[in-house]
Amino acid sequence: MAWLWSIFFLGVLFVCASITLLAVITRDDGKGQDKGRQTRYLDRRRHYFRPVPRDEVLDGVRPTPKAVILALCRNSDLEKMLGTLKSFEDRFNRKYRYPYVFLNDEEFTGTFKKRISKLIKTKSDAKVQFGRVPAEHWGYPPWIDQERAATGRRKLATQGVPYAESESYRFMCRYYSGFFHKHPLLGPFDYYWRIEPGVEFLCDINYDVFRFMARTGKKYGFVIMMSEVAASIPTLWSTIMEEFVPKERAVSGGRLTSAINDLHSKEMRLFGGPYRYNGCHFWNNFEIASLSFFRSRVYQRYFEILDRQGGFFYERWGDAPVHSLAAGLMLSADEIHYFYDIGYRHDPFTHCPADFAFRRDAHCSCDPFDPTDISAGPCQLQWNLNFAA
Ligand code: GDP
Ligand code: MN
């Protein structure tokens with residue numbers, strides 16, 4: 001009889017052990033993920049995680065910020081734009097219903113407008129407007145030497161610079177650098193969120209980012225910092241330092257105006273200043289910003305100097321470094337925000353929030369260890385070191 005009891009006892013022990021083991025394995029606290037080589041990587045990122053703002057708190061911001069979702073695109077971007085909108089609506093706008101403005105240098109086709117409108121209608125029913133870029137904001141200004149521009153394009157092609165030979169890409173960069181904020185359809189708005197065809201939002205965004213911007217006085221928000229292709233901007237930094245900055249100084253009788261930062265400031269250190277540019281910039285295919293920043297007189301003076309120099313065409317200045325260096329010169333650190341809690345992908349890079357519990361609660365569909373995630377890249381670390389309080 002004793003042997004029967006022994007078997008029974010061993011059986012019970014086995015079942016208990018199995019249940020315990022199973023519970024440990026499937027435990028959902030993320031600790032299992034933080035082991036080994038991953039620990040250091042996460043440590044470098046984790047301290048940026050603060051609780052995301054709650055809507056109840058942000059609801060104190062009245063009235064609702066005047067904000068718009070902005071997309072510049074071509075008719076041929078339709079399919080990819082529908083992909084972007086599905087993700088953007090599901091993750092954010094279904095809940096907040098901010099209106100859209102779509103801009104194009106050509107007329108949008110009926111099909112484009114119909115399919116975009118229909119998708120948005122079924123998701124949030126937010127207001128949608130389609131507009132055309134004014135001809136005077138798209139193309140060559142009269143002072144550009146066409147031959148020199150063509151030579152410049154060929155030179156960049158031999159250096160393997162992306163979009164080296166594209167003229168339309170340059171029109172687009174110039175438009176986003178100096179004109180988009182003047183479009184009449186953006187007139188009523190104070191903030192915008194730039195979206196692009198083919199991007200994806202990887203986590204639920206459970207608070208109103210525009211209320212957050214308004215409440216905290218933020219003027220510029222980003223998710224990815226990275227390095228620019230140096231050959232596309234050989235004279236951007238020197239133009240800013242040798243033409244724009246001295247003029248601003250002259251305006252105020254030798255001292256810097258309050259409109260721009262000290263060149264030794266930590267805002268400028270982020271970009272390697274004051275003596276050189278490290279090429280770091282906010283990757284602005286994602287961009288949440290205040291329109292008043294771009295509408296300011298100082299930004300207008302800055303853009304006019306850059307535009308006169310011709311680097312948008314003789315080189316291939318991107319709107320990303322142009323916006324970023326303006327932010328470094330004209331904003332204070334606490335007016336710039338790293339949206340570490342917004343999971344985002346624009347080929348070929350990703351930003352995935354590192355915090356496990358957050359990813360679980362926000363239903364993220366991303367992996368911070370994915371090789372395309374550059375949230376611990378050198379430019380982002382530069383930010384983290386200088387700005388993470
Ligand atoms: P990348 O992200 O630097 O590779 O550049 P994209 O091709 O994504 O262009 C940036 C944004 O400008 C996207 O929203 C594009 O749809 C838009 N875009 C680029 N070129 C043109 C153009 O010639 N016409 C219009 N209407 N939009 C453009
Ligand atoms: Mn893009």
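All of the numbers you see were taken from the coordinates with simple rules; none came from a lab. Since we're looking at a predicted model, the values are computed, not measured. Heads up, the Cβs are rebuilt from the backbone with ideal geometry, glycines too, and the neighbour counts pull from every protein chain shown.
Before moving on, here are some points about what is shown:
- GLU106 versus SER265: modelled label distance in nm, points set 7 Å from Cα along the beta carbon direction: 4.3
- Between 0 and 90 degrees, the angle of helix 110-123 with respect to the longest Cα principal axis of the chain falls at about 40 degrees.
- When peptides 141-149, 332-340, 50-58 are ranked by their average number of other Cβ atoms within 10 Å per residue, the highest-first order is 332-340, 50-58, 141-149.
- Helix axis angle, 297-309 relative to the chain longest principal axis, alpha carbon, degrees: 70
- Total charge dipole magnitude, region 256-376, about the Cα centre, Cβ charges on Lys, Arg, Asp, Glu only, Debye to nearest 20: 420
- In this rough spin-label picture, where each label sits 7 Å from Cα along the Cβ direction, the ASP367-THR151 distance is 5.0 nm.
- Amide hydrogen proximity for ASP373: with H placed 1.01 Å from N in the peptide plane, the residues at 5 or more positions away or on another chain lying under 5 Å are THR350.
- Amide proton proximity set for ILE69, modelled H, under 5 Å, gap of 5+: TYR100, VAL101, TRP193
- Label zone of ASP59 (point 7 Å out along Cα→Cβ, amide N under 20 Å): in region 70-99 this covers 92-98.
- Karplus-derived 3J(HN,Hα), 6.51/-1.76/1.60, for each residue of region 61-68, Hz, glycine and proline x: 7, 10, x, 4, x, 7, 9, 9
- Reachable lysines, given that their alpha-carbon falls under 16 Å from the alpha-carbon of LYS219 and they are not under 8 places away in the same chain: LYS66
- Rg in Å to one decimal, and Dmax rounded to a whole Å, for the chain via C-alpha atoms: 24.7, 104
- Net charge dipole size for the chain [Lys, Arg +1 and Asp, Glu -1 on Cβ; Debye, nearest 20]: 440
- Projecting the Cα atoms of ALA214, TYR277, SER265 onto the charge dipole of region 205-285, computed from C-beta unit charges around the Cα centre, puts ALA214 farthest toward the positive end.
- Net length gained if the chain between ARG301 and PHE9 were fully extended (0.36 nm per residue, minus Cα distance): 96.7 nm
- Listed by chain and number, the aspartates and glutamates whose alpha-carbon sits under 20 Å from that of LYS182, ignoring those within fewer than 8 places in the same chain, are ASP105, GLU106, GLU107, GLU136, ASP190, GLU196, GLU287, GLU304, ASP307, ASP319.
- Relative contact order for the chain, counting Cα pairs under 8 Å that sit 6 or more residues apart, in percent: 23
- Using alpha-carbon coordinates, inclination of helix 319-330 to the longest axis of the chain, degrees: 90
- The chain - mean residue ellipticity at 222 nm from DSSP helices (-39,500 (n - 2.57) per run, n ≥ 4, rounded to 500): -12000 deg cm²/dmol
- Considering only TYR163, HIS183, LEU381, and ranking their Cα positions along the charge dipole of the chain that arises from unit charges at the beta-carbon of Lys, Arg, Asp and Glu, the one farthest toward the positive end is HIS183.
- Springs join every pair of Cα atoms under 10 Å in this Gaussian network model of the chain, and among GLY221, GLY11, GLY139 the largest mean-square fluctuation is at GLY11.
- Vicinal HN-Hα couplings computed from phi for region 284-293 (Karplus, 6.51 cos²θ - 1.76 cosθ + 1.60; Hz; Gly/Pro x): 8, 4, 9, 7, 10, 8, 8, 5, 5, 4
- From most to least packed by mean Cβ count within 10 Å, the peptides 349-356, 162-169 give 349-356, 162-169.
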